[in-house]
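Structure first, commentary second.
The values are calculated or read from the model by the stated rules, or taken from the named source; none is laboratory data. Note that the coordinates shown come from a computational prediction; the quantities given were computed from them, not determined experimentally. No Cβ is skipped: glycine too gets one built from the backbone with ideal geometry, and neighbour counts run over all protein chains shown. Surface areas here come from the heavy atoms of the whole protein model, side chains and all, with no ligands, DNA or RNA. Shrake-Rupley method; radii C 1.70, N 1.55, O 1.52, S 1.80 Å.
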Amino acid sequence: MELVLVSLGLLTFTGKAFGDKPDQTPITIKEDESVILPCSFSTSLTDKRIDWKKDGEDVFFYENGRVYPSSQDEQFRLRVSHFPDEVKSGNASITIKQAKVSDSGTYTCLYLNQGQTLPSGTHQIILTVGAFARPSVSSPNVTAGWALLRCEVLGASPKPTVAWYDSDGNNVSDREPEVSGEGGHYNIILETNMTKTDSYTCVATQNELHHQSNKSTSVNIRVAHMAPQLINYMHREERTGSLEKSRMAVLSRTISLPRSLPESYTGHLDQGYNR
């Protein structure tokens, strides 16, 4: 398990004009990682109230040195904690353990005093929890003249873009992908037909995660030569048979061949037959 802390460190909030929009900090992590959402104030919080919310859901509530787990939304219970030893110095940051894709959203750190939100006490974290796309490729159907390539990406989030490329970097996808999924995870299948021997790569891209993954396969397209060869062979046999029949008729008239030859005969027909 990894613990991710935004590289800016703890963010400290001081005086701010009323009506200003809250500061926003984007954080992007992988699913199942733990992450610290930073929030810090330039005053002691031991006798204050800190309220973390996510898109209206209750994430974490602290007041006068006490935490109220019962106030948390079900999905956050037993997964969110704070730094009790640092509350005195103004640290209101929280840790979310084993982040889920469903944890993605906008988190707000509220600093309240006697039930009132202070003008300078609001900060927002834009959290994106992603499941990295990992493509797998196969060739379920390879016949004379063409091949069907299949790329599968399962359980990815956010939804990736998927495309097939040839060895020259050309996008050779010839149809739209099939997309399904649930719970914020996406399953994508992209098939395409190829008629050229080459190395092909399926690329899955998630711009929100700055992530790209690929998988390659080589295809050898067999050209359908068998049918013409078979036809030519049959024609050749037919011509050879006709010539042989004509030759035998001429020889039989010339040397008066018997109806059958002895099994021990090893001579040549054109040399005659000696009894």
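Summary table below
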| quantity | calculated |
| --- | --- |
| The one condition in (1) in contact (Cβ under 8 Å) with a residue 60 or more places away in the chain; (2) open to solvent by less than 50 Å² (accessible area, probe 1.4 Å); (3) farther than 30 Å from Gly105 by Cβ that Trp146 fails to fulfil | (2) |
| Matching entry among Glu178, Glu208, Glu152, Glu191 (being open to solvent by 70 Å² or more (accessible area, probe 1.4 Å) and modelled with pLDDT of 95 or more) | Glu178 |
| Count - residues of the stretch 125-137 that are open to solvent by less than 50 Å² (accessible area, probe 1.4 Å) and within 14 Å of Ser216 (Cβ to Cβ) | 2 |
| Verdict on Thr201 being within 22 Å of Asp168 (Cα to Cα), in contact with a Gly (Cβ under 7 Å, 6 or more places away or on another chain) and free of Cβ contacts under 8 Å to residues at least 60 places away in the same chain | no |
| So Leu112, is it touching a residue at least 40 places away in the same chain (Cβ under 8 Å) and either open to solvent by 70 Å² or more (accessible area, probe 1.4 Å) or in contact with a Ser or Thr (Cβ under 7 Å, 6 or more places away or on another chain) (or both) | no |
| Close pairs (9 angstrom Cβ cut-off, 6 or more residues apart or separate chains): more than 24 Å from Ser104 (Cα to Cα) in the stretch 44-64, hydrophobic (A, V, I, L, M, F, W, C) and crowded, with 21+ Cβ neighbours inside 10 Å anywhere | Leu45/Ala92; Lys48/Phe41; Lys48/Ala92; Glu63/Ile50 |
